[in-house]
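What follows is one structure encoded as structure tokens, with my remarks underneath.
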Amino acid sequence: MNDRDIAVKVENISKCYRIGLKEDMHDSFARSVFDFVTSPFKNYHKYRSLYRFDDIGPAKDNDNNDTVDIIWALRDISFDIKKGEVVGIIGRNGAGKSTLLKILSKITNPTRGYAEIRGRGSSLLEVGTGFHQELTGRENVYLNGTILGMTKREVDRKFDQIIDFSEVEKFIDTPVKRYSSGMKVRLAFSIAAHLEPEILIIDEVLAVGDAAFQKKCINRMRNISNEGRTVLFVSHNMPAVTRLCDRVILIDEGELKKDGPTQQVITEYLDTGLGTSAERTYPDPSSAPCGEVVRLQAVRVITEHGKVTDMVDMREPVGIQMEYEVLKPGYVLLPHYQVYNEDGIEIFSTMDNDPDWRQRPRTEGRFNSTVWIPGNLLSEGKIFVEPCLLTLNPRMIQFRVRDAVTFRVVNILEGDSGRGDWFGPMRGIVSPLLKWTTQYGKNGKDFPDKGSKKKHIDAI
């Protein structure tokens, strides 16, 4: 890559913070007096330690980082972004994405390494940052525009465009404190997007706002890219990342895990078991859910390849696996699951219908029962699974664990799905891929081919 083509250069950036520790309680009056006398020196030392990290080693050297009050938000991150690229940055909560953007936006300095922003930059990291709640929307456009680097003449020239894009013209002379969160994000994004920056840095701005506004933002960022400017986009919205970005950077626990084409990186993110919500194990038998006959050992969400995952492409099948131990032989068992969405609505329940074990008593030992949910069934969102098991004849509940495991269903908008060309959220508990047909003409005939379709339209 030619150095002249680079818009953002990041070299071995690391960022660490000191976290608070539990204060000691004094068990005597003399100790309290002594601590009162020495506290100015302790406070001075504590203040200096917040900005000095001479006592720690390299970010990835765990042997030299045993200080209990140190936490590494980023560890030796390096990458280059070309001019005109739209790059997505993804990862679970707490991975270090926002810290990286704050360094690139010059809000905070790295502990180690450096970053270069080659061009005029604009950032939108928190909705409404720089807004004054008592000022009107009109006044905040000028105030926020100035904070972002625009001159009054620039704001004057683009004011009508900003208001038209934000769709808050009716309330532009109303104090911002009376705006909804959606109205604030519309106005904040509109100001940042009309700054005409060479580099636009955005952190989760699409988490607020309706589907129409989200699509509008995506189109605006795409236009910025087509004009040869650079966009860095942090989001948990995989459909938006897929539509907007040609390249994605995956960060986890402060480290760069993957940097490459969007589809490839997102697929790896979905297939990896980032997070622990997708698996729950009970290594201690005394604390495991248990009845007289069966004891639960583990529940996990798995892909077709057997990997634990907490994020699933809605087009792909997902398995829910229950591992349990039969303590007493001779009972017919009925493992089953109840599946809920994030609103607490039961989507469905499923009972073990494996023909090999119908009406067949179990022997002692370990069993592993897995149910497969087909692709294009579950709607996007967070899914909660409740594993249950009971015996038949006599009927006895052995265990029931509410929200034992969770996973998130996402639509990354590649290939077939029930979404079609729709960008916004899909309502409903399930999202099946159903067959559609469309006819045209007086006789209701299907289009013979694309060429004949075009001729018919031209004739009209």
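The table below gives the values:
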item	result
The lone exception for S180 - which of (1) of a type outside the set (V, I, T); (2) touching a helix residue (DSSP H, G or I) at 6+ places or on another chain (Cβ under 6 Å); (3) modelled with pLDDT of 75 or more; (4) open to solvent by 10 Å² or more (accessible area, probe 1.4 Å) it fails	(2)
Filter pass, V265 being open to solvent by less than 30 Å² (accessible area, probe 1.4 Å) and in a helix (DSSP H, G or I)	yes
Qualifying residue in region 345-352 (condition: charged (D, E, K, R), touching a His at 6+ places or on another chain (Cβ under 8 Å) and under 21 Å from L392 (Cα atoms))	yes
V332 being within 37 Å of the chain's Cα centre (by Cα) and among the β-branched types (V, I, T)	no
Per-region count, region 355-381, residues within 23 Å of K307 (Cβ to Cβ), open to solvent by 60 Å² or more (accessible area, probe 1.4 Å) and free of Cβ contacts under 8 Å to residues at least 60 places away in the same chain	3
Subset tally (residues that are of a type outside the set (A, V, I, L, M), part of a loop (DSSP other than H, G, I, E, B) and either modelled with pLDDT under 90 or surrounded by 19 or more Cβ atoms within 10 Å (Cβ to Cβ) (or both)) for region 135-174	3
In region 354-382, the residues that are in a strand (DSSP E or B) and within 24 Å of C290 (Cα to Cα)	R362, G365, R366, F367, N368, S369, T370, V371
Selected residue [on the phi > 0 side of the Ramachandran plot and either in a loop (DSSP other than H, G, I, E, B) or in contact (Cβ under 8 Å) with a residue 12 or more places away in the chain (or both)] from K177, K106	K106
Residue within region 304-313 that is modelled with pLDDT of 95 or more and not hydrophobic (A, V, I, L, M, F, W, C) present	no
Search result, residues across region 286-296 that are at pLDDT 90 or above and open to solvent by 70 Å² or more (accessible area, probe 1.4 Å)	E292
Hits in region 319-344 - residues which are in a loop (DSSP other than H, G, I, E, B) and either acidic (D, E) or open to solvent by 50 Å² or more (accessible area, probe 1.4 Å) (or both)	L327, K328, P329, G330, E342, D343
Single unsatisfied condition, K258 versus (1) more than 14 Å from the chain's Cα centre (by Cα); (2) assigned to a strand (DSSP E or B); (3) farther than 30 Å from G306 by Cβ	(3)
Tally, over region 297-318, of residues that are surrounded by 16 or more Cβ atoms within 10 Å (Cβ to Cβ) and under 17 Å from T350 (Cβ atoms)	6
Condition met for L434 (within 29 Å of K215 (Cα to Cα), loosely packed, with under 13 Cβ neighbours inside 10 Å, modelled with pLDDT of 80 or more and under 31 Å from the mean Cα position of the chain (by Cα))	yes
Where a residue in region 216-235 is over 20 Å from K97 (Cα atoms) and at pLDDT below 80 and its partner, wherever it lies, is assigned to a helix (DSSP H, G or I) and polar (S, T, N, Q), with Cβ under 9 Å and at least six apart	R220/S190
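The values are calculated or read from the model by the stated rules, or taken from the named source; none is laboratory data. This structure is a prediction, so every number in the text was calculated from the model and none was measured. Cβ: placed from backbone, ideal geometry, glycine included. Neighbour counts: every protein chain shown. Heavy atoms of the whole protein, side chains included, go into the accessibility calculation; ligands, DNA and RNA do not. Shrake-Rupley method; radii C 1.70, N 1.55, O 1.52, S 1.80 Å.
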